[in-house]
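Colleague: One structure, pasted below without further comment.
The values are calculated or read from the model by the stated rules, or taken from the named source; none is laboratory data. The structure displayed is predicted, hence computed values, not measured ones. Positions of Cβ are generated from backbone atoms using ideal geometry, with glycine treated the same way; all protein chains shown enter the neighbour counts.
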Amino acid sequence: MILLPILSKRRIQCGLFCPLGALQSLTNKINIFEVRIDRDKCVDCGRCISLCPTFSLDEASIQQGRTLLSCTRCGKCMDHCPKGAISYHIKGTKLGVSAEKARALFLYPAFLFGMTLGGGMLSMAIWRLLKLVTTGSMF
């Protein structure tokens with residue numbers, strides 16, 4: 001598991017062994033959010049390729065202006081791009097929107113979605129803790 005990403009230059013374990021990684025790779029095709037590379041701004045320095053933690057960028061994907069399916073949209077490539085050529089993008093909209101606006105349009109819905117899923121778990125955890133403190137039994 002440790003050598004596989006090093007040898008293959010991909011986080012294969014996420015797509016093959018982890019159910020959530022495989023599900024994310026499958027849903028990346030229908031997801032409305034994506035990471036796009038503006039080829040007019042890109043100077044082909046390769047910093048994004050070397051810094052991507054999921055190995056979701058290579059020379060071919062940069063030439064196409066897109067990331068690979070394994071992209072988790074962490075934003076590390078955007079933060080380290082010297083020309084600001086990489087940004088979040090909503091499919092169906094034009095490229096060239098300011099990076100801050102695109103990041104906000106991506107992060108707010110992602111945060112709300114995460115809170116919707118995690119909020120139920122958090123409230124149940126608080127309820128169990130309160131029940132444990134008041135009655136001495138979790139169930």
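One line per residue, one yes/no per condition, for (1) modelled with pLDDT of 85 or more; (2) out of contact with any Asp or Glu (no Cβ under 8 Å at 6 or more places or on another chain); (3) of a type in the set (A, V, I, L, M, F, W, C); (4) more than 27 Å from LEU4 (Cβ to Cβ):
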{"site": "PHE33", "(1), (2), (3), (4)": "no, yes, yes, yes"}
{"site": "ARG36", "(1), (2), (3), (4)": "yes, yes, no, yes"}
{"site": "CYS42", "(1), (2), (3), (4)": "yes, yes, yes, yes"}
{"site": "CYS45", "(1), (2), (3), (4)": "yes, yes, yes, yes"}
{"site": "PHE55", "(1), (2), (3), (4)": "no, yes, yes, no"}
{"site": "LEU69", "(1), (2), (3), (4)": "no, yes, yes, no"}
{"site": "MET78", "(1), (2), (3), (4)": "yes, yes, yes, no"}
{"site": "HIS89", "(1), (2), (3), (4)": "no, no, no, yes"}
{"site": "LEU95", "(1), (2), (3), (4)": "no, no, yes, yes"}
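Colleague: For segment 20-29, what are the residues that are assigned to a loop (DSSP other than H, G, I, E, B) and farther than 16 Å from PHE106 by Cβ?
Modeller: LYS29, the sole residue that qualifies.
Colleague: Evaluate the following for PHE106: is it of a type in the set (A, V, I, L, M, F, W, C), touching a residue at least 24 places away in the same chain (Cβ under 8 Å) and not in a helix (DSSP H, G or I)?
Modeller: No; evaluated as a whole, the condition is false for this residue.
Colleague: Is one or more of the residues making up segment 120-134 among the aliphatic types (A, V, I, L, M) and within 16 Å of the chain's Cα centre (by Cα)?
Modeller: Checked against the condition, which is being among the aliphatic types (A, V, I, L, M) and within 16 Å of the chain's Cα centre (by Cα), segment 120-134 yields no hits at all.
Colleague: For segment 30-54, name all the residues that are outside any loop (DSSP other than H, G, I, E, B) and either among the aromatic types (Phe, Trp, Tyr) or free of Cβ contacts under 8 Å to residues at least 12 places away in the same chain (or both).
Modeller: Hits for segment 30-54 are PHE33, SER50.
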